[in-house]
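Peer 1: Next up is a structure, given as structure tokens.
Each value in this text was obtained by applying a stated rule to the coordinates, not by laboratory testing. Values in this document were obtained by computation on a predicted structure and should not be read as measured data. Heads up, the Cβs are rebuilt from the backbone with ideal geometry, glycines too, and the neighbour counts pull from every protein chain shown.
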Amino acid sequence: MRSTRKLAAFAALGLTLAACSSEAGEQAAEESASAPTVAEDVEFPEGSTMAEIAEAGTLRVGTKIDQPGFGLANTEGTPEGFDVEIAKIIAAELGLSEDQIEFTETVSANREPFIQQDRVDIVVATYTINDARKQVVDFAGPYYEAGQDIMVAAGNPEGIEGPEDLAGKTVCSVEGSTPAQNIRDNYPEAQLTTYDVYSKCADDLRNGNVQAVTTDNVILTGLVAGSEGAFELVGNPFTEEPYGIGLQLGDTEFRNFINDVLEESFENGSWADAWDRTAGAITGEPAPEPPTVDRY
């Protein structure tokens, strides 16, 4: 159940993303970031999720492996990015080092099932908080706020400036994602194609099988950066996408713990440092102001 074998399959997702991962990794190494300081002599309430994870000595984390800057498997199959660093910050406060994290690939469609089936302890995977999802899982955060945007071929040959221009166009997104559902619900004249991962959408755009790819702007920015000039971002966000950390429904104690960890990272600079070494290194954008945690 905790197997990380799926990470090895990343090699099949395409050389473009692998190259982007390598470049991002080199830049991160040059900035010589240190791992979060692991808390010592941690004590948690008996029977709490925190106590169980600390005793097990492993934090099981679901993340994505095809999204430069947030969750991308490097050439060794190890995920790296902003989401990964957020997971490390949480693990450190549980008294666990980064070597005690077990990463499992979670695509958009299986994030809730993996939490419900206890295959992971948390999901940190560009995971938008919304009311429908809050019926089946709990969320800590948000720890980042993105917005849905559109990626097109370089030069924007179709003249797509916003979602209204997708009518009659073939647009690609990922099944189970909020961007895909937004297109279905609000822009039905677009011809939607979906896959399980965004790298397949990028391949379709490169091959001319689709005219656009839509998802959150930070994800698209990473894909653009790794495209060697083949893609560009429209740059017209049309939704708000607060990224949260998914966990078991009803585990308020664990959710409050993670929220405390996030707020501390906002204040002590570790959150901004994590951004600068990952997503920021790819996008060239400095760390934004952190969002306000929603303690619903």
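Peer 1: Take the chain, connect every pair of alpha-carbon atoms lying under 10 Å apart with a spring to form a Gaussian network, then pick out the residue of Thr278, Thr239, Thr215 with the largest mean-square fluctuation.
Peer 2: Taking springs between Cα atoms under 10 Å, the residue moving most is Thr239.
Peer 1: Still on this structure: Please name whichever of Leu72, Gly155, Asn268 sits farthest to the positive end of the charge dipole of the chain, dipole taken about the Cα centre and charges placed at Cβ: Lys and Arg +1, Asp and Glu -1.
Peer 2: Gly155
Peer 1: Summing Lys, Arg as +1 and Asp, Glu as -1, what charge do residues with Cβ under 12 Å from the Cβ of Ser173 carry, Ser173 excluded? Display every interim value, and only then the final one.
Peer 2: Values: positive: Arg184, Lys200; negative: Asp149, Glu175, Asp196, Asp204, Asp216.
Taking every other residue near Ser173 into account, the sum is -3.
Peer 1: Next up: Share of antiparallel DSSP beta bridges in the range 148-233, in percent to the nearest 5?
Peer 2: Here the antiparallel bridges make up roughly 50 percent for the range 148-233.
Peer 1: Calculated from DSSP H runs of 4 or more alone, at -39500 (n - 2.57) each and per residue, what is the 222 nm mean residue ellipticity of the chain, nearest 500? Intermediate results must be reported in sequence, preceding the final value.
Peer 2: Numbers: 10 runs with 100 residues, N = 296.
One gets -10000 deg cm²/dmol as the mean residue ellipticity at 222 nm.
Peer 1: Could you list the square roots of 5 times each eigenvalue of the Cα gyration tensor of the range 148-233, that is, the equivalent ellipsoid semi-axes, sorted largest first and rounded to whole Å? Could you put the intermediate results ahead of the total?
Peer 2: Values: eigenvalues 61, 40, 25 Å².
Gyration-tensor ellipsoid for the range 148-233: 18, 14, 11 Å.
Peer 1: Separate question: Once amide H atoms are placed 1.01 Å from N in the peptide plane, what residues at a sequence separation of 5 or more from Tyr144, or on another chain, have their amide H within under 5 Å of its amide H?
Peer 2: Answer set, sorted by chain and number: Tyr243.
Peer 1: Let me ask another. Treating the beta-carbon of each Lys and Arg as +1 and of each Asp and Glu as -1, no other charges, what is the dipole magnitude of the chain about its Cα centre, to the nearest 20 debye?
Peer 2: On the way: 17 positive and 53 negative charges, 227 e Å.
About 1100 debye.
Peer 1: Now, a different point. Where does the chain land on Rg(C-alpha)/(2.2 N^0.38 Å)? Mind showing how you got there, number by number?
Peer 2: Details: Rg = 18.5 Å, N = 296, 2.2 N^0.38 = 19.1 Å.
Rg over 2.2 N^0.38 Å, computed on Cα atoms: 0.97.
Peer 1: Would you be so kind as to identify which of Pro237, Tyr144, Asn182 lies farthest towards the positive end of the dipole of the range 125-261, taking Lys and Arg as +1 and Asp and Glu as -1 on Cβ and the Cα centre as origin?
Peer 2: Asn182
Peer 1: With a bin width of 10 angstrom, please list the P(r) values of the range 234-296 as percents of all Cα-Cα pairs, from the 0 bin to the one holding the largest distance.
Peer 2: 18, 42, 31, 9, 0
Peer 1: Can you pull the one-decimal nm distance between simple spin-label points at Glu264 and Asp185, each 7 Å off the Cα toward Cβ?
Peer 2: 3.6
Peer 1: Further question: Only bridges whose two residues both fall in the chain count here: according to DSSP, what percent of them are antiparallel, nearest 5?
Peer 2: On the way: 21 of 35 bridges.
Close to 60 percent.
Peer 1: Need one number: nm distance between label points at Ala132 and Asp99, each 7 Å from Cα along Cα→Cβ, rounded to one decimal.
Peer 2: Placing both labels 7 Å along Cα→Cβ, they lie 4.3 nm apart.
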